[in-house]
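Laboratory data are not the source of any read-out in this text; all were calculated from the coordinates shown. Note that the structure is predicted; figures quoted are calculated from it, not measured. A quick note on method: Cβ atoms are made from the backbone with ideal geometry, for glycine too, and the neighbour counts reach across all protein chains shown.
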Amino acid sequence: MILSATDFQAHFREALSKFWADTLKIEAFQDGHAVAFPLMLPDGLQVAFHAKEETPGKIRLSDHGEILRHLLCEGMNIDANATKAILDRRLEFYEIQRSGLELWCQMDFPFSGDRIQIFAEGLVGIAQMILRHEPVAEEESVGRRGFERLIAGKGLEAKRNYSLEGAVEKNIRVGYFLETARPVAVEVVERKINLHQYMQVWGWRWTDLHKKRPEIFRGMIYDPDRQDWDEASLEIGRSVCEIFCPYYDTETIAAKLDEAGEAGA
């Protein structure tokens with residue numbers, strides 16, 4: 001059956017509206033709201049940013065430095081002449097402000113959806129600058145080395161950079177995935193500063209994954225000696241992960257892996 005123009009348009013609009021409703025996620029936190037937006041970054045992760053009413057009627061959208069920090073971690077010099085010129089043009093086009101690594105804009109309440117859309121698209125546009133750059137070889141962190149030695153010593157194999165589907169977010173990428181009796185997904189924290197917003201995003205991802213795959217053990221391993229942790233960020237990890245501890249706490253990690261391997265036995 002060939003659809004009429006009216007039926008086609010109605011279904012097209014309904015399909016997109018449902019996708020938006022299912023994918024857009026807004027979670028309240030003490031210092032504002034975390035927003036997961038229905039757009040994808042070049043690395044396959046969903047666009048996420050922070051929204052906060054700073055003063056009455058003034059709403060600030062911010063990525064908390066996530067996008068530019070990722071470019072720096074990939075070896076891109078964002079202040080090199082050619083790169084900075086491209087970055088400045090994109091900031092101007094999307095009407096985004098830059099303060100250090102933070103990308104942000106301010107809206108007046110009541111605000112229109114197009115300003116939020118433009119900000120989110122701007123984050124994607126700036127993140128896509130990585131496609132112009134050939135990354136330097138990644139330095140293996142002490143946390144990853146320690147975790148890989150531990151699982152190798154236990155005779156376990158892990159899939160690297162593995163994608164899992166959550167209830168809403170369809171591409172939650174984790175550093176390691178072990179197909180034990182009870183599967184284990186582990187992310188090794190590489191971030192050194194500004195960990196609170198990072199953990200808010202991961203808190204939502206782990207919660208979303210648990211809704212879809214409650215059998216999965218969720219794990220995060222970190223380096224308290226080289227990372228600037230605060231108690232609120234640590235508490236997010238403890239509340240959503242079955243494994244959340246420093247990389248050198250091998251006894252805890254090993255016990256949890258043994259528990260996952262023995263599940264259902």
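A few remarks follow.
- Degrees, to the nearest 10: 231-240 long Cα axis against longest axis of the chain: 80
- The convex hull of the Cα atoms of the range 205-265, projected and averaged over all directions, covers 4.7 nm².
- Around the amide H of ALA167, modelled in the peptide plane, lie the amide H atoms of LEU209, LYS211, LYS212, all under 5 Å away and 5 or more residues distant in sequence or on another chain.
- Positive dipole terminus of the range 7-132, leading residue within GLY75, PRO38, SER62 (C-beta point charges): GLY75
- Ranked by how many other beta carbons lie within 10 Å on average, peptides 36-42, 16-22 from highest: 36-42, 16-22
- Nearby aspartates and glutamates by direct alpha-carbon distance to LYS256 (threshold 12 angstrom, same-chain neighbours under 8 apart not counted): GLU242
- Looking at the range 100-233, the pairs of alpha carbons with a distance over 22 Å make up 54% of the total.
- Restriction of the GluC sites (Glu not before Pro) in the range 61-167 to DSSP coil positions whose beta-carbon has at most 13 other beta-carbons within 10 angstrom yields GLU95, GLU138, GLU139, GLU140, GLU157, GLU165.
- On Cα atoms only, tilt of 81-94 relative to the major axis of the chain in degrees: 60
- Under Stokes-Einstein, with the Kirkwood radius over Cα pairs as Rh, the value for the chain at 20 °C and 1.002 mPa s is 105 µm²/s.
- Nearest-ten-degree value, helix 142-153 long axis tilted from longest Cα axis of the chain: 50
- Comparing the range 7-132 with the 2.2 N^0.38 Å rule of thumb, its C-alpha radius of gyration ratio is 1.14 (two decimals).
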